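Below is one structure, written out as structure tokens; the observations come after it.
The values are calculated or read from the model by the stated rules, or taken from the named source; none is laboratory data. Not measured: the values here are computed from a predicted model. Here the Cβ positions follow ideal geometry from the backbone for every residue, glycine too, while neighbour counts run over all protein chains shown. When the accessible area is computed, the model is the full protein with side chains, heavy atoms only, and any ligands, DNA or RNA have been set aside. Shrake-Rupley method; radii C 1.70, N 1.55, O 1.52, S 1.80 Å.
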Amino acid sequence: MMRSISVASFILFIFSSSAFTQKIKKADKIILANLETHIRFLADDKLEGRRAGTAGEKLASNYISTEFHNAGLEMIEEKTWLQPFDINDGKQIDDATHFSINNNELVLDKDYFPLAFSAIKKVSGTPAIALQESGVPWFVDIKEMLEENKDNPHFDLDESLHAKVKECAKNGATAIVLYNDSKIADNISFNVKDRSEAETIPVLYVTADAKKKYLKDESASLDIKINVSISEKKRIGNNVVGYINNGAEKTVVLGAHYDHLGYGEDGNSMYRGADKQIHNGADDNASGTAALIELAKLLKQSKFKNNNYLFIAFSGEELGLFGSKYFIEHPAIDLKNVNYMINMDMVGRLNDSSHSLIIGGYGTSPVWGELFNNNFSEKKYFVLKYDSSGTGPSDHTSFYRKDIPVLFFFTGLHKDYHRPTDDYDKINYTGELHVVKYIYQLIENLNDKGKLAFTKTRETQSSTSARFSVTLGIMPDYTFTGSGVRVDGVSDGRPAQKAGLKTGDVIIQLGDYNVSSLENYMQALSKFKKGDATQVKYKRGNDVAEAPVQF
């Protein structure tokens, strides 16, 4: 949440800012004031954390669109600033779902619910609870399964249920109605994030109270009617795209993501408190978005005409680079004509003592080394730290994977990262002004360089987890909604490449462990240690293949 500032503190802040602004040029004062205006708006509580695909994101995209218009940018996406894309929000139970026993309609979520891997199908029949005959629904008590495995640390209830359903379907069951007569909690729920393959028959779970009410007589025949309807739940995110058309052959892309975490609904918050709080994301990444807007104004007024300039405020970055990946797959311009890409993510917390500015992508073009040796005026303000890799947990990665030289600007992590305390009053506006001016001078120095050569670099993992100590060396496609983990990139010299995996393959099994989602892919990795050998099973198109892999 935004914290209140005392009147005394606010006066001191204004006084300090005024003292500084007297020492800088009038044009810089304007940029400084604009940066604060942008960040204060984007990080306001009324935007509720700018979660992709929400009303808060819409307020932010409207603001950015207006700023692009005021800067004199052109629309490029069919007379709109916006490039919409789908965000899969998991699964949802549709209103058509129903379950009746002897004409008594059970209440969804109170009496029963389908499991997320249930078949979408209508089924009826007159089974008895105690009998399991071919051609009718079966009732299955999971009591024995739970009691037999209560002391088994490796027991996976979800996998066991899948296996049980397959066995019952093979023996003639047309549907499965699960219940639990044991005293062991099963914690079964409708898992909206379940991405496993749907079973061939409907699978329902009946609560303990509903079992006592409707399934008391196990010898009686029951008139059962089932209809399971499950669909994908989606929301719409929007990239905001503006263009400066100088009539040049090549185009420079400048980007920054403007989405943030909302209330932390997607599980990406570092906050562990019990109460619901807005994550305003002032540094992450209202700061980068503000820099993008100000650079658009500067470049529109500049004499740097040897490139066109495309400005993209990405959404869905916090979910796994959704917006930049969508743009790369549905580009508004020919990607062959993209000269280079500059990404700004968290550029608002420059340390006043160290003045450390991190620049990623240093190795993606030989031009970068030559450029950073130039001592143009803004360079003296920073202690520059370089990272050669063209990949990382931000949107430049999507462009690097298309063999486009990239630069990634970042002022460093801090204790407010992905927490509700990342607010506008903690931004170093003076430091960000210098970051904007430095990037502007870089672009100026690149104006006469022509087409930049691209070079491949080592690849960093986009995420890490303490739960596993080995990796296949892939970049997963976070936008993939099917069962398994689709490979979005393969690192040179790593186990996946040695096993023959390629971009587009879908990993479905690692050793003895089925892989249906990124979560259980990581769980599978946690079972291995360096030096272990196993098999990886994957889909390539309609074909299923298997290969040996050594960590």
State the number of residues belonging to the stretch 100-137 that are open to solvent by 20 Å² or more (accessible area, probe 1.4 Å), among the aliphatic types (A, V, I, L, M), within 17 Å of A169 (Cα to Cα) and assigned to a strand (DSSP E or B). 0
Hits in the stretch 421-451 (condition: of a type in the set (F, W, Y) and within 16 Å of F409 (Cα to Cα)): Y429, Y438, Y440
Condition test on N285, is it of a type in the set (S, T, N, Q) and either assigned to a strand (DSSP E or B) or surrounded by fewer than 24 Cβ atoms within 10 Å (Cβ to Cβ) (or both)? no
Please determine whether any residue of the stretch 472-491 is over 19 Å from P393 (Cα atoms), polar (S, T, N, Q) and free of Cβ contacts under 8 Å to residues at least 40 places away in the same chain. no
Taking G267 and the conditions (1) more than 24 Å from L82 (Cβ to Cβ); (2) open to solvent by 30 Å² or more (accessible area, probe 1.4 Å); (3) assigned to a loop (DSSP other than H, G, I, E, B); (4) touching a residue at least 24 places away in the same chain (Cβ under 8 Å), which numbered condition does it fall short on, given that it satisfies the others? (4)
Taking D156, is it free of Cβ contacts under 8 Å to residues at least 24 places away in the same chain and surrounded by 13 or more Cβ atoms within 10 Å (Cβ to Cβ)? yes
Scanning the stretch 500-517 residue by residue, those in contact with a helix residue (DSSP H, G or I) (Cβ under 8 Å, 6 or more places away or on another chain) and assigned to a loop (DSSP other than H, G, I, E, B) turn out to be G511, V515
Restricting attention to the stretch 233-264, and to residues there that are of a type in the set (F, W, Y) and under 20 Å from E318 (Cβ atoms), which single residue is most open to solvent (accessible area, probe 1.4 Å)? Y263
Using beta carbons and a limit of 6 Å, which pairs, at least six apart or on different chains, have the first residue in the stretch 348-372 and in contact (Cβ under 8 Å) with a residue 60 or more places away in the chain and open to solvent by 10 Å² or more (accessible area, probe 1.4 Å) and the second one of a type in the set (F, W, Y) and part of a loop (DSSP other than H, G, I, E, B)? H355/F382
Exactly one condition in (1) modelled with pLDDT of 95 or more; (2) open to solvent by 40 Å² or more (accessible area, probe 1.4 Å); (3) part of a loop (DSSP other than H, G, I, E, B) is false for P84; which is it? (3)
Sole residue being farther than 30 Å from A208 by Cβ, more than 28 Å from the chain's Cα centre (by Cα) and at pLDDT 95 or above, chosen from L106, L32: L32
Given the condition modelled with pLDDT of 95 or more, open to solvent by less than 50 Å² (accessible area, probe 1.4 Å) and more than 30 Å from N62 (Cα to Cα), answer yes or no: does some residue in the stretch 332-347 qualify? no
Would you be able to say whether some residue in the stretch 347-361 is in a loop (DSSP other than H, G, I, E, B) and closer than 22 Å to A453 by Cα? yes
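Conditions tested, residue by residue: (1) more than 30 Å from N191 (Cα to Cα); (2) in a strand (DSSP E or B); (3) open to solvent by less than 20 Å² (accessible area, probe 1.4 Å).
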| position | (1), (2), (3) |
| --- | --- |
| I443 | yes, no, yes |
| K451 | yes, no, no |
| F454 | yes, no, no |
| E519 | no, no, no |
| M522 | no, no, no |
| V536 | no, yes, yes |
| A547 | yes, yes, yes |
Within the group K58, K121, K79, which residue is over 30 Å from I244 (Cβ atoms) and either modelled with pLDDT of 95 or more or not small (G, A, S) (or both)? K121
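Every residue, every condition in (1) of a type in the set (A, V, I, L, M, F, W, C); (2) surrounded by fewer than 17 Cβ atoms within 10 Å (Cβ to Cβ); (3) within 20 Å of the chain's Cα centre (by Cα), yes or no:
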site	(1), (2), (3)
S388	no, yes, no
S394	no, no, yes
D416	no, no, yes
D423	no, no, no
